[in-house]
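Everything below concerns the one structure shown next.
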Amino acid sequence: MKEKIFLISKKLQQKFPKFGINKIRELTRLIFEISKKDSIEYQKVIDGIIDKDYEKIKEVLLKQRYPKTYHKTKKENFYLPDFDIGENDKADLSTKKFNPKNIYYTADVINSALYNRIKNLFPKANFCEIESLKKFLKEHKFSTEKYNKRYENLFLVNEKYDFFKRCPCTKGVNCCNYSILNIGFGCLYECSYCFLQGYQNVAGIILPCNLSEFLTRDKIKPVDNKMFFLPRVGSGEFTDSLIFDDVTHFSDDIVKFFKKNKDMSFEFKTKSVNIDNLLKIGGSENIVVSWSVNAKQMIEENEHCTPRLEDRLKAAQKCIKAGYSVGFHFDPVILYDGWHEGYKETIDMIFDFIDAKYIKWISIGSLRMAASLKKVIEVRFPDNKIMDEEFLLSHDGKLRYEEGERVSIYRYLVDLIKQKDKDVVTYLCMERQKISN
Ligand code: SF4
Ligand code: SF4
């Protein structure tokens, strides 16, 4: 990839010696993306340029790169950043069993149950006391290459402030009043679209050792939203809710607390099938185990190292039997050739496996991302196809599909779900009010 970009840029400089660095950069980006998306030689795209005027060349290339949206989009909404490629940036897609080599901890955790369990589980790991995570991060430069090996490092800390908070959502959208219980940071799965890879500055997994201190009525105060059966709080924002549960046993304390507090609901949001603890403890209606689901082809191509759709649905069946409610998240919905059939198949499967009366909600969100994530995805997943689609800069600085496409995704999925069961609660995540209507 690095070499290809270098060659495109060099050829453009030879063909247009008077163009400055920014113009060459933008044209390089466009030619690289056209060549990748349409599977044609970049030289062919360069040879096809007959104009000499930069603006005209850019217009022709933009039309080629964005054939569906060019005519409906303002120029400033096309995002054409520079490339940012280091050595060894490609993600490691092998399935990993969590077995950290280095365990960093702060002195205040050593009497915690989690620290002692980890000591027993990973006796061969190198245990190293640190003054604070903040100081450690200052002294250890983060890089994508190190992020690719994050499974080697575990940080055990006491969380002081950020256990419970309102979901940050994004400006100008229909907020669903979700609240988050922060049970860790980092994940071992490798979803090509994962926002953590562009957000996280820690090359490791962080687990808090003092969760139980925060499971009290005065600290857990979710906000009501009439759409849902109870005020909602959930984990799974900065990590998968259950991926580490066999190590942390966090579900023990959480389930115990919410079984006693049935005027609010708790959601474990996951792609995993790590449900043994949940099954052992047994659930109640206000505890919702929810799965992020996708079209099978998208799971195969983008949700690397995660369980198959069938396995997620079988885990949901077991959780229902153990007394839990369930939920599903079509998030992110990804456009690809055949998306209509792909997502229909997943909806059919959900309602074949699960009795709708146990489903507390199904959310839908189309693929979106902070603009800066685009460069991270392309270096970590150079063979990805998701970025070949037409993403445009939105009102909040995020890249999204064009509005009309998003509306057609939502209408299609909501209609299919309502045909299965008209009473299932559906909602859109991070969408503007007018689209949500
Ligand atoms: S709509 Fe999505 S992002 Fe916004 S508050 Fe709800 S869950 Fe959070
Ligand atoms: S499961 Fe969620 S947190 Fe984990 S890699 Fe995938 S998107 Fe990221």
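Throughout, read-outs are computed from the coordinates displayed, never taken from laboratory work. All values reported here derive from a predicted model rather than from experimental measurement. All Cβ positions, glycine included, derive from the backbone under ideal geometry; neighbour counts span all protein chains shown.
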Counting other beta carbons within 10 Å of each residue's own, what order do VAL223, VAL109 fall into, fewest first?
VAL223, VAL109
In nm, what is the difference between 0.36 nm times the number of residues separating GLN297 and LYS75 and their Cα-Cα distance?
76.7 nm
Quick check: the angle from helix 309-321's long axis to the longest principal axis of the chain, C-alpha only, nearest 10 degrees?
20 degrees
Mind jotting down the distance between the C-alpha centroids of the stretch 208-236 and the stretch 291-314, whole Å?
27 Å
Extension gain, ASN102 back to ILE50 (0.36 nm per residue minus Cα-Cα distance, nm):
13.0 nm
The chain, Gaussian network, Cα under 10 Å: of ILE21, ILE254, ILE362, the residue fluctuating most is ILE21
Springs between alpha-carbon pairs under 10 angstrom, Gaussian network model over the chain: which of ASP108, ASP89, ASP53 fluctuates most?
ASP53
Least to most buried among ARG406, ARG117, ARG400 (fewest other Cβ within 10 Å first)
ARG117, ARG400, ARG406
Model label zone, SER132; criterion: amide N under 19 Å from point 7 Å along Cα-to-beta-carbon; scope the stretch 139-153:
139-142
If neighbour count is taken as other Cβ atoms inside 10 Å, put HIS340, HIS304, HIS395 in order from fewest to most.
HIS395, HIS340, HIS304
Any idea how far the Cα center of the stretch 341-391 sits from the one of the stretch 66-117, in Å?
17 Å
Under a point-charge model restricted to the Cβ atoms of Lys and Arg (+1) and Asp and Glu (-1), what is the dipole moment magnitude of the chain relative to its Cα centre, in debye to the nearest 20?
720 debye
